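Student: A single structure is presented below for examination.
Values quoted throughout were computed directly from the atomic coordinates according to the rules given, and no laboratory measurement underlies them. Keep in mind the model is a prediction, meaning the values are calculated, not measured. Cβ coordinates were reconstructed from backbone atoms using ideal geometry, including for glycine residues, and neighbour counts include every protein chain displayed.
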Amino acid sequence: MEMNAPIAFTKQAEIQAAVEEVERNLAPDVVRIRFDIGEDWSGQWAIFFRVVLTDEAAKQRLREVASNVVWGLARQLDFSAMGVFPYHNFRSVSEQGALQEPAWA
Amino acid sequence: MGLAGDLLDDARDLGAKGDAENRDSCRRRAISTAYYAVFHLLVDDFVANWPFAGQRARLARMFNHQKMRDASFAPGDKGNPSLVETQLVDVVTAFRQLQADRHRADYDTGWRLVGTDVANAITLAETAFSKWRAVRGDSAARDHLMSMFGAKR
């Protein structure tokens, strides 16, 4: 397996810009998106998006909003060329409020 | 309905039980079961086309989770994917996300699961079911299933 650091590490400003555009386009459903780059469970390089949604979006329209996030990011970022596979996890404002995990703040 | 559909129902039931009883174990099993529902959906579809019924179970056991995950798919024209290609990308993406979530649910006891994690896993599985059923007869989908089985291009 190729374990050299992926190009994505050098593209974090581009990724951040894409993230901010998706946040703007999908507001207010999407409250914020955080990401980091690392290895997934099998040791392959990946980018992990953590997406905080409004309670209403998470409860009532998760399928639609999550799909919009996934496709919105994929339209702007060529993950394959960056050498990473994207993973997306979602939680609501209330859930994050209860857990208070810094990585999602 | 078959094993895949039964597993999807089980995932929903486990998710509901996890919510009702605030049981982390049920939430984890719901995510894991949602993954296996999609796994069996794809494997069962592949082996159903093998003409020798007595060999289908053996053929199914040849599927390897990592090979299935690593089978890549990209639309011919990334900027203008066809409807079938778009649906197939959704299936492939859902499969890979579910596989990663299953691994965390089964092994990462530090993962602080929330209801949205479970809802998203079930939603992804439902999406994979509906989209796979829409495209499963298309040559691109059949070709991708061959790749998931491990066939080289």
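Student: What's the average, rounded to a whole number, of partner chain beta-carbon atoms within 10 Å of each residue's beta-carbon in A:48-55?
Tutor: Across the residues of A:48-55, the mean count of other-chain Cβ atoms within 10 Å is 1.
Student: Considering just Cα atoms, how many Å³ per residue does the convex hull of region A:1-44 enclose?
Tutor: 80
Student: With each label point set 7 Å from Cα along the Cα-Cβ vector, what nm distance links residue A:16 and residue A:93?
Tutor: In this crude label model, residue A:16 to residue A:93 measures out at 2.5 nm.
Student: For a quick check: sort B:33, B:93, A:10, B:123 by the number of other beta carbons within 10 angstrom, fewest at the front.
Tutor: On the way: B:33 25, B:93 22, A:10 10, B:123 19.
Fewest to most other Cβ atoms nearby, the residues stand as A:10, B:123, B:93, B:33.
Student: Continuing with this model, one more query. For B:28, B:61, what ranking results if the residue with the fewest other Cβ atoms within 10 Å of its Cβ goes first?
Tutor: Ordered by Cβ neighbours within 10 Å, fewest first: B:61, B:28.
Student: Also, I was wondering about something else. Which residues' amide hydrogens lie under 5 Å from the amide hydrogen of residue A:84, considering only partners 5 or more residues apart or on another chain, with H built in the peptide plane?
Tutor: The answer is none.
Student: If you don't mind, another one. Provide a whole-number value for the mean count of partner chain Cβ atoms within 10 Å of the Cβ atoms in peptide B:114-127. Present the calculation step by step, with values, prior to reporting the outcome.
Tutor: Details: counts 10, 6, 16, 4, 0, 7, 9, 0, 2, 6, 6, 0, 1, 3.
Mean number of neighbouring Cβ atoms from other chains: 5.
Student: Using R₀ = 30 Å, calculate the FRET efficiency as 1/(1 + (r/R₀)^6) where r is the Cβ-Cβ separation of residue A:56 and residue B:9; round to 0.05.
Tutor: So, using R0 = 30 Å, E works out to roughly 0.65.
Student: If neighbour count is taken as other Cβ atoms inside 10 Å, put B:52, A:85 in order from fewest to most. Let's see the in-between values first.
Tutor: On the way: B:52 8, A:85 21.
Exposure proxy ranking, most exposed first: B:52, A:85.
Student: Rounded to the nearest 500, what is chain B's calculated 222 nm mean residue ellipticity when only DSSP H runs of at least 4 contribute -39500 (n - 2.57) each, over all residues?
Tutor: -25000 deg cm²/dmol
Student: For a quick size check, give me the Cα extents of region A:9-98 along its three principal axes, largest first, whole Å.
Tutor: The principal-axis extents, from largest down, are 34, 27, 20 Å.
Student: If I take the Cα coordinates of chain B and project them onto the principal axes, what are the three extents in Å, biggest first?
Tutor: 45, 44, 26
Student: Under 14 Å from the 7 Å Cα→Cβ point of residue A:104, by amide nitrogen: which residues of region A:20-55?
Tutor: It comes to A:31-35, A:49-55, nothing else.
Student: Report the charge-dipole magnitude of the protein assembly as shown in Debye, nearest 20, computed about the Cα centre from +1 at each Lys and Arg Cβ and -1 at each Asp and Glu Cβ.
Tutor: Values: 32 positive and 35 negative charges, 126 e Å.
Once rounded to the nearest 20, the dipole reads 600 debye.
Student: Can you compute the charge dipole magnitude of region A:60-105 about its Cα centre, using +1 on each Lys and Arg Cβ and -1 on each Asp and Glu Cβ, nothing else charged? Give it in debye, rounded to the nearest 20.
Tutor: 140
Student: Might you report the magnitude of the Cβ-based charge dipole of region A:9-98 about its Cα centre, with Lys and Arg at +1 and Asp and Glu at -1, to the nearest 20 debye?
Tutor: 140
Student: What nm value, rounded to one decimal, do you get for the distance between residue B:138 and residue B:83 when each label is placed 7 Å out toward the C-beta?
Tutor: Those two pseudo-labels are separated by 0.9 nm.
Student: 5 Å is the cut-off here: which amide hydrogens, built 1.01 Å from N in the peptide plane, fall below it relative to residue A:31, excluding neighbours closer than 5 in sequence?
Tutor: A:52, A:53, A:54
Student: Over chain A, calculate the relative contact order: mean separation of alpha carbon pairs under 8 Å at least 6 apart, over the residue count, as a percent.
Tutor: Taking the mean separation of contacting Cα pairs over the length of chain A, I get 33 percent.
Student: Next question. When the Cα atoms of the protein assembly as shown are enclosed in a convex hull and the volume is divided per residue, what value in Å³ results?
Tutor: 137
Student: Explain nothing, just the number: relative contact order of chain B, from Cα pairs under 8 Å at least 6 residues apart, as a whole percent. Can you show the working numbers first?
Tutor: Values: 174 pairs, mean separation 49.9, N = 153.
Over chain B, the number comes to 33 percent.
Student: If you average the C-alpha positions of region B:31-52 and of region A:41-105 separately, how far apart do those two centres end up, in angstrom?
Tutor: 26
Student: What is the Cα centroid distance between region B:79-153 and region B:57-75, reported in whole angstrom?
Tutor: So the two Cα centres are separated by 12 Å.
Student: Let me know the whole percent of all Cα-Cα pairs from region A:49-105 that are separated by more than 18 Å. Can you show the working numbers first?
Tutor: Details: 639 of 1596 pairs.
Summing the P(r) of region A:49-105 above 18 Å gives 40 percent of all pairs.
Student: Want the number for residue B:74 to residue B:59: 0.36 nm per residue separation, take away the alpha-carbon distance, what's left?
Tutor: The span from residue B:74 to residue B:59 would gain 2.8 nm if fully extended.
Student: Modelled label-to-label distance, residue A:24 and residue B:21, 7 Å Cα→beta-carbon offset: nm?
Tutor: Each label point lies 7 Å from its Cα, and together they span 4.9 nm.
Student: Place a point 7 Å from the Cα of residue A:9 along the Cα-to-Cβ direction; which residues of region A:30-55 have their backbone N under 17 Å from it?
Tutor: A:36-40, A:43-48
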